[in-house]
Amino acid sequence: MRIAVSNIAWPANRRDEAYAALARRGVDGIEIAPGLLFPDAENSLEPDEADVDLALKELADAGLHILSMQSLLFGAEDVALFGSPEQRARFENAMTAAIAFAGRLGIPHLVFGSPRQRNIPSNMSDAEALEVAQMIFKRLGDRAEEAGARISMESNPAAYGTNFLTHFSDSARFVQELDHPAISLILDMGAMHMNDQAQQLDEIVRPHASRLAHVHISEPFLAPAPAETARAVPVFDFLRDIGYEGAVSIEMKATQDDPVHYMENALDRLLAAASGEKARLP
């Protein structure tokens, strides 16, 4: 397993401090939201070559590798997986742009969350929604495969504003039925906690271990994660038991007060959990 932290944990103007904090702890993975890696770009999925070179050099200087990306639809206007034909087309185009960006930067994994862009309207049946989603993600999977990447379907609880793939079992069923080599699963612990399923990894996640491509250590509403070292220890025990070898990434939003400090504390708790410690760090 490789430890990573998403760059949503700090503002773009604090990235040098954050990179240094990761390097001091021997962490070589990072997950990115493109808008925070290229905050000044007119379109963060189409940054200038010079900006790409600079961003990659900053990461390389800190020994960091981009293992995943999220916030795929940030900045995309009037897109909806289950909207009008025009909205669906814009959704697919925006996702295609994110895949092309991943291919350009050599990013092997994309997290599809975007809860508000995947809400099933009241006039659409679940069966119709499933057919639409499978059709679109089959094409997106083909493009991701061509780019050398995989898309993981993230479970987003209803509290995040969606009614599609709200539980891990929903995402697992979708991925299993689609059966595409570039469409996989992510285990998001924040969603598991919000759905009261964090203690049921063995029965819910284990049957789908072969399709698991990414893990988010997160808390409800993206609070600093893990909240306690002991909260993440059983997750690492489970992942080792199923033979998971992918990335385990902290997903937490930047705190208003000293975000890098809060990220460092969260990372220390995660690293302690990964080593098997059970006591909460100060």
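The values are calculated or read from the model by the stated rules, or taken from the named source; none is laboratory data. As the structure is a prediction and not an experimental result, all values here were calculated from the model. Glycine gets a Cβ as well: all are built from the backbone with ideal geometry, and neighbour counts include every protein chain shown.
Structure data summary
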quantity	calculated
Test: residue in the range 5-27 that is assigned to a loop (DSSP other than H, G, I, E, B), of a type outside the set (Val, Ile, Thr) and at pLDDT below 95	no
Pairs, first closer than 17 Å to Met124 by Cα in the range 77-95, second small (Gly, Ala, Ser), C-beta under 6 Å, six or more apart	Val79/Ala94; Phe82/Ala129; Gln87/Ala80
Contacts under 8 angstrom Cβ, first residue in the range 101-112 being under 14 Å from Glu146 (Cβ atoms) and without any contact (Cβ under 8 Å) to a residue 60 or more places away in the chain, partner among the acidic types (Asp, Glu) and not in a loop (DSSP other than H, G, I, E, B), 6 or more apart	Gly103/Glu146
Filter pass, Leu72 being under 24 Å from Pro181 (Cβ atoms), out of contact with any Lys or Arg (no Cβ under 7 Å at 6 or more places or on another chain), assigned to a loop (DSSP other than H, G, I, E, B) and modelled with pLDDT of 95 or more	yes
Candidates Ala272, Ala254, Ala213, Ala266, filtered to the one that is out of contact with any Phe, Trp or Tyr (no Cβ under 6 Å at 6 or more places or on another chain), aliphatic (A, V, I, L, M), within 27 Å of His65 (Cβ to Cβ) and not in a helix (DSSP H, G or I)	Ala213
The one condition in (1) crowded, with 19+ Cβ neighbours inside 10 Å; (2) on the phi < 0 side of the Ramachandran plot that Ser71 fails to fulfil	(2)
Enumeration of residues in the range 222-239 that are touching a residue at least 40 places away in the same chain (Cβ under 8 Å) and either assigned to a helix (DSSP H, G or I) or touching a strand residue (DSSP E or B) at 6+ places or on another chain (Cβ under 8 Å) (or both)	Leu222, Ala225, Pro226, Thr229, Ala230, Arg231, Ala232, Val233, Val235, Phe236, Leu239
Residue satisfying all of: in the range 1-30; of a type in the set (D, E, K, R) and surrounded by fewer than 20 Cβ atoms within 10 Å (Cβ to Cβ); nearest to Ile242 (Cα to Cα) among these	Arg2
Subset of the range 133-168 that is free of Cβ contacts under 8 Å to residues at least 40 places away in the same chain and within 18 Å of Met95 (Cα to Cα) - its residue that is farthest from the chain's Cα centre (by Cα)	Met135
Count of the range 78-97 residues which are of a type in the set (Phe, Trp, Tyr) and either in a helix (DSSP H, G or I) or exposed (fewer than 15 other Cβ atoms within 10 Å of the Cβ) (or both)	1
